[in-house]
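The structure under discussion appears below in the form of structure tokens.
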Amino acid sequence: MKQGKRPNRRQKEELEARNFNPANWLVERDSTTELVLIHRFSGNTKTIKKGA
């Protein structure tokens, strides 16, 4: 598993639009179709489809 990085401004706006707290999530991968996140404390991963 890759290390996550802090979300940038656009990614934070995407997270807030889906009711995620950006302070609790790290970005593992950001492609044109999806955003893969890792929770800071639990290590759980979530995938968000973009444009939906």
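The values are calculated or read from the model by the stated rules, or taken from the named source; none is laboratory data. Just so you know, these numbers come straight off a predicted model, no measurement behind them. With ideal geometry, Cβ positions are generated from the backbone for all residues, glycine too; neighbour counts draw on all protein chains shown. Quick note on the areas: whole protein, heavy atoms, side chains included, nothing else; ligands and nucleic acids left out. Shrake-Rupley method; radii C 1.70, N 1.55, O 1.52, S 1.80 Å.
Under a 5 Å amide H cut-off, with hydrogens placed 1.01 Å from N, LYS5 pairs with VAL27, GLU28 among residues at least 5 apart or on other chains.
Counting only aspartates and glutamates at least 8 places from LYS2 when in the same chain, those with an alpha carbon closer than 18 Å to its own are GLU28, ASP30, GLU34. Taking 7 Å steps out from each Cα toward its Cβ at ARG29 and THR45 produces label points 0.7 nm apart. Using only Cα coordinates, the Kirkwood hydrodynamic radius of the chain works out to 10.8 Å.
Probe radius 1.4 Å, ligands and nucleic acids ignored: give me the carbon and sulfur share of the accessible area of the chain as a rounded percent. Walk me through the numbers on the way to the answer.
Values: 1730 of 3870 Å².
Summing carbon and sulfur atoms, their accessible area is 45 percent of the total for the chain.
Could you do me a favour and compute the accessible area per residue for the chain, 1.4 Å probe, result in Å²? List each step's numbers first, then the result.
Working: 3870 Å² over 52 residues.
On a per-residue basis, 74 Å².
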